[in-house]
Amino acid sequence: MTLPFSDTPSENPYYKGRGAQVNPKNRFLEQEYAQEHAEGIDEWWQADVPTQIFEEHAKSVVNKVDSPDVGMWYSMNPYQGCEHGCIYCYARNSHQYWGFSAGLDFERKIVAKRNAPELLKKFLNNKNWTPKPISISGNTDCYQPLERKLWLTRQLLEVAWEYRQPVGIITKNSLVLRDKYILQKMAEHNLVCVFVSITTLQEELRQKMEPRTATAAQRLKVVRELSELGIPVGVMTAPLIPGLNDHEVPRLLEQASDNGAKYAGYTVVRLNDAVKIIFNDWLYKNFPDRADKVWHMIESMHGGKVNDSDFGRRMRGDGNLAEMIRQQFKVHTKRLGMNAERFEFNTSLFQRPNSQLSLF
């Protein structure tokens with residue numbers, strides 16, 4: 001069988017504990033070596049290496065979000081790249097801006113913005129800032145493994161609490177429970193909402209698709225503990241991949257609701273730019289028996305392609321299969337009483353500590 005982007009799976013090496021298995025070419029670099037095809041004795045085999053950390057003295061950390069279909073106004077990301085290694089992650093493409101590949105580099109070369117807390121303070125002290133919610137993890141997971149060592153997300157939360165700045169969080173790492181008490185204080189004033197990403201209840205699939213993330217059981221525990229503390233919590237069943245996890249929607253939502261989740265969202269998988277190459281290679285190596293079917297079903301949701309950049313349609317897809325997923329999600333969230341009301345962030349408490357009183 002001829003595969004669209006990779007050779008026969010048995011001829012390729014497999015990096016256990018990693019999502020991506022290749023380093024496709026960085027489209028922004030004119031001259032570079034890239035691994036896309038293994039060719040006989042000249043395989044591009046390299047032993048898996050420890051994660052490398054690159055410290056960046058950034059100039060800014062808060063970014064305005066112009067995309068109208070992502071549900072956030074501003075975002076901040078203390079880390080670029082993510083050791084979780086989720087194979088479908090759209091953030092992989094942004095790693096190319098740093099001169100790295102969207103493949104294995106994305107998981108093994110993490111950029112940390114060590115001055116992120118200071119930059120947030122500087123941003124919030126700007127007199128032109130009109131308080132709006134800021135999402136932590138608009139791109140990569142703010143509670144990825146490196147956070148256990150650097151505590152950048154925790155410091156950002158401390159700054160947000162000091163300024164009474166509302167924030168949203170999305171994560172698939174149980175490390176968020178480390179910060180549950182500061183989240184609880186913020187939740188008492190409607191200053192925070194946490195979404196936990198739960199993509200599958202199948203542990204074997206999770207290990208392949210999201211190799212360095214918390215198990216589904218751990219994520220449901222996170223939902224339960226946060227909910228019991230009065231912290232508004234929801235789940236993202238995203239992305240839904242036909243033929244792999246789309247059939248899990250009813251059980252995912254039931255489990256989330258039973259553990260206290262009040263909100264739920266979803267997206268369908270889309271494979272833009274280098275993610276198309278990376279996902280295809282992974283799919284045919286891990287699921288050769290159904291790879292063709294899965295690939296064609298993804299195409300059916302995006303007008304014959306696996307990628308889509310049109311606002312609105314790109315997250316939900318188009319066609320019969322996408323409509324079936326939409327209806328299923330709608331029916332089950334309504335049945336479970338999820339999304340019955342919309343969470344509203346409180347922006348009225350924003351304050352700049354130590355600011356001088358204006359003179360009359």
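The values are calculated or read from the model by the stated rules, or taken from the named source; none is laboratory data. This is a predicted model, so every value here is computed, not measured. Every residue, glycine among them, receives a Cβ derived from its backbone with ideal geometry; neighbour counts consider all protein chains shown. These area figures cover heavy atoms from the full protein model, side chains too; ligands, DNA and RNA do not enter into them. Shrake-Rupley method; radii C 1.70, N 1.55, O 1.52, S 1.80 Å.
Some points to look at:
- The set of residues from the range 175-193 being surrounded by fewer than 23 Cβ atoms within 10 Å (Cβ to Cβ) and under 30 Å from residue 19 (Cα atoms) comprises 175, 177, 178, 179, 180.
- Residue within the range 320-332 that is over 22 Å from the mean Cα position of the chain (by Cα) and of a type in the set (Val, Ile, Thr) present: yes
- Output for the range 70-98, where each listed residue is within 19 Å of residue 306 (Cβ to Cβ) and open to solvent by 40 Å² or more (accessible area, probe 1.4 Å): 90
- Total residues in the range 159-174, condition closer than 22 Å to residue 106 by Cα and open to solvent by 10 Å² or more (accessible area, probe 1.4 Å): 4
- Looking across the range 233-273 at every residue that is of a type in the set (Lys, Arg) and assigned to a loop (DSSP other than H, G, I, E, B), the one that is modelled with the highest pLDDT is identified as 262.
- Within the range 132-166, being touching a helix residue (DSSP H, G or I) at 6+ places or on another chain (Cβ under 8 Å) and free of Cβ contacts under 8 Å to residues at least 60 places away in the same chain holds for 143, 148, 154, 155, 157, 158, 159, 160, 161.
- Helices (runs of 4 or more DSSP H) wholly inside the range 274-318 containing at least 3 residues that are surrounded by fewer than 19 Cβ atoms within 10 Å (Cβ to Cβ): 291-300
- Scanning the range 123-158 for residues that are farther than 22 Å from residue 196 by Cα, out of contact with any strand residue (DSSP E or B) (no Cβ under 9 Å at 6 or more places or on another chain) and surrounded by 16 or more Cβ atoms within 10 Å (Cβ to Cβ) yields a total of 1.
- Filter result for residue 333 (assigned to a helix (DSSP H, G or I), closer than 30 Å to residue 221 by Cα and touching a strand residue (DSSP E or B) at 6+ places or on another chain (Cβ under 8 Å)): yes
- Filtered residues of the range 109-122 (kept if closer than 27 Å to residue 15 by Cα and either at pLDDT below 95 or open to solvent by less than 20 Å² (accessible area, probe 1.4 Å) (or both)): 110, 111, 112
- Pairs linking a residue in the range 247-259 that is within 17 Å of residue 327 (Cβ to Cβ) to a residue that is part of a helix (DSSP H, G or I) and open to solvent by less than 30 Å² (accessible area, probe 1.4 Å), with Cβ atoms under 9 Å and 6 or more positions apart or on different chains, are 249/325; 249/329; 252/216; 253/329; 253/333.
- Criterion applied to 129, 161 was being in a loop (DSSP other than H, G, I, E, B) and over 21 Å from residue 238 (Cβ atoms), and the one residue passing it is 129.
- Given (1) in a loop (DSSP other than H, G, I, E, B); (2) modelled with pLDDT of 60 or more; (3) of a type outside the set (Phe, Trp, Tyr); (4) surrounded by 10 or more Cβ atoms within 10 Å (Cβ to Cβ), index of the condition residue 53 fails: (1)
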